Amino acid sequence: QVQLVESGGGLVQAGGSLRLSCAASGRAFSGIAMGWFRQAPGKEREFVAAIQWSGAITYYADSVKGRFTISRDNAKNTVYLQMNSLKPEDTALYYCAARVGVVRVNRMEYDYWGQGTQVTVSS
């Protein structure tokens, strides 16, 4: 079992930045691929970014490439999402997710989920 707790969400103006954190517990962090997903009201949950357990492989949704950066600190069992140049369309509930094995971008392949942290970008 893996427990995930997100933090760092909030209200920010367009063009601003936020850094989300996701702390994992319950088992060894190595061998765990991590992902960030988001869900806006009335929309399906969508992929944002993902990172292999080693940090060597990362994936991004086209909508966030060049603005968001995913990283991880395995010594702290924590994954981060640095979000720059935020836009109103980035407003959503952001979820951290984990899976044992190789990194994936499909949310259906993630086994463990946090409760989410709200990001609101005002225009």
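The values are calculated or read from the model by the stated rules, or taken from the named source; none is laboratory data. Here the structure is a predicted model, which means the values were calculated and not measured. Ideal geometry is used to build each Cβ from the backbone, glycine not excepted, and the neighbour counts take in all protein chains shown. Protein only, heavy atoms only, side chains kept; ligands, DNA and RNA dropped before computing areas. Shrake-Rupley method; radii C 1.70, N 1.55, O 1.52, S 1.80 Å.
Calculate one ³J(HN,Hα) per residue across the range 87-102 by plugging θ = phi - 60° into the Karplus curve 6.51 cos²θ - 1.76 cosθ + 1.60, and present them in order as whole Hz with x for glycine and proline.
Using θ = phi - 60°, the values come out as 10, x, 6, 7, 4, 4, 8, 9, 10, 9, 9, 9, 8, 7, x, 6 Hz.
Through the Karplus equation 6.51 cos²θ - 1.76 cosθ + 1.60, θ set to phi - 60°, convert the phi angles of the range 12-18 into ³J(HN,Hα) values in whole Hz; use x for Gly and Pro.
So the Karplus estimates, Gly and Pro as x, are 9, 7, 4, x, x, 10, 9 Hz.
Using Cα springs under 10 Å in a Gaussian network model of the chain, which residue among Glu44, Glu109, Glu89 shows the largest mean-square fluctuation?
Between Glu44, Glu109, Glu89, it is Glu44 that shows the largest mean-square fluctuation.
Would you work out if the range 12-123 is rounded, prolate or oblate? Take a ≥ b ≥ c from the square roots of the eigenvalues of the alpha-carbon gyration tensor; rounded if a/c is under 1.5, else prolate when a/b is larger than b/c, oblate otherwise.
Prolate.
Diagonalise the Cα gyration tensor of the range 78-123 and give the resulting equivalent ellipsoid semi-axes, square root of 5 times each eigenvalue, largest first, whole Å.
24, 11, 10
Roughly speaking, to the nearest percent, how much of the chain's 1.4 Å accessible area is carbon and sulfur?
Here carbon and sulfur together make up 48 percent of the probe-accessible area.
Give the relative contact order (percent, whole number) for the chain; include only Cα pairs under 8 Å separated by 6+ residues.
Contact order relative to length: 37 percent.
Using the Cα centre as the reference, give the magnitude of the dipole from point charges on the C-beta atoms of the chain (Lys, Arg: +1; Asp, Glu: -1; all else neutral), rounded to the nearest 20 debye.
Rounded to the nearest 20 debye, it is 140 debye.
Find the accessible area per residue for the chain; the probe is 1.4 Å, ligands and nucleic acids are left out, and the unit is Å².
Accessible surface, normalised per residue, equals 50 Å².
Would you list, by chain and number, the lysines whose Cα falls below 24 Å from the Cα of Lys65, excluding same-chain residues fewer than 8 positions away?
Lys43, Lys87
Treat every Asp and Glu Cβ in the range 50-114 as -1 and every Lys and Arg Cβ as +1, leave all other atoms uncharged, and give the resulting dipole magnitude about the Cα centre to the nearest 20 debye.
Using only the charged Cβ atoms, the result is roughly 100 debye.
So which residue, out of Ala40, Ala97, Ala28, gets the largest mean-square fluctuation from a GNM of the chain using Cα contacts under 10 Å as springs?
Fluctuation is largest for Ala28.
Which whole-Hz ³J(HN,Hα) couplings does the range 103-120 yield from phi under the Karplus relation 6.51 cos²θ - 1.76 cosθ + 1.60, θ = phi - 60°, glycine and proline marked x?
Listing the rounded values in order: 5, 9, 10, 7, 4, 5, 9, 9, 9, 10, 9, x, 8, x, 9, 7, 10, 10 Hz.
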